[in-house]
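Structure, as structure tokens:
No lab work stands behind these numbers, since they all come straight from the coordinates. Keep in mind it's a predicted model, so treat the numbers as computed, not measured. Glycine gets a Cβ as well: all are built from the backbone with ideal geometry, and neighbour counts include every protein chain shown.
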Amino acid sequence: PLLNALICVRLMEMTLRCGNGKHSSMAFVCYAVVCHMREDHATAVEYGRAAVALAADHSPYTRAVVRFLTLTFFGVFEHHPREVIQKYDAALREGVAHGEVVASHLIDGAVTTLPHLGPDISHVQDALKQYEREARTMGAKSSLEMIGLVRCWAELLDSGVTSDTVDGQNALEREVEHASFAAGRDILRMQIEYLAGNDAEVLRLGRAVR
């Protein structure tokens, strides 16, 4: 992480010294992420906006990466979750059209945002079907796992959560294949455990996520 932060700062230093170039949008968005990690969210959003503006003239791959990072880290600070999904979709369509492998990460971002849309579970389930088709077409195995986790969450909510719902058999209670999804799984599971009245488990999961 420290090396990554150093590279981000170095990219910004080169941009400030030499002016904007074909990789400057990456410099801006990487520095925005550093600001976000330091909880300077207002500055992060400003650098993120600059990155998106610069990326308009850069390669499709660079545009896809910049849009993924800005939506993932700052999307909720600027847009309603439904609008974030729409922007993920637009970036996804462009990425797929150019054969960019980063398109699968855009699916992950969109699927992760779906639980924050509100109480319309049917909309979430319909969107998951669309993303699953695209993920299978691209062979995006990690995306399929994330889709499975959110689908499990939606189905549990749709069927009605009781103390009998949490039985150790659903996907949210099993190990994930991709370790980076563990926190997202546990956040979804916290909601289910809360509705089931398992307060001690909610607190345990919260500490693990933190």
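Cys residues of the chain that find no other Cys beta carbon under 4.7 Å: Cys18, Cys35, Cys152. Of interest is the spacing of the C-alpha centroids, which for segment 26-43 and segment 50-76 amounts to 13 Å. Once you divide the Cα radius of gyration of segment 63-210 by 2.2 N^0.38 Å, the number left is 1.05. Per Stokes-Einstein, at 37 °C and 0.692 mPa s, what whole-number D in µm² s⁻¹ belongs to segment 45-111, with the Kirkwood radius over Cα pairs as the hydrodynamic radius? Stokes-Einstein gives a translational diffusion coefficient of 283 µm²/s.
Projecting the Cα atoms of Gly75, Cys18, His41 onto the charge dipole of the chain (Cβ charges, centred on the Cα centre) puts Cys18 farthest toward the positive pole. The long axis of helix 182-195 is offset from the longest Cα principal axis of the chain by roughly 40 degrees. Please go through segment 1-100 and write out the trypsin sites (Lys or Arg not before Pro) that DSSP classes as loop and that have at most 12 other C-beta atoms within 10 Å. Listed in order of number, the matching sites are Lys22, Arg38. Within segment 115-181, the percentage of alpha carbon pairs spaced more than 19 angstrom apart rounds to 39%.
Computed from Cα positions, the angle between helix 60-78 and the longest principal axis of the chain comes to roughly 60 degrees. Here r is the Cβ-Cβ distance between Ala5 and Ile187 and R0 is 30 Å; the resulting FRET efficiency, rounded to 0.05, is 0.75.
For segment 1-135, taking Cα atoms only, Rg and Dmax work out to 15.5, 51 Å respectively.
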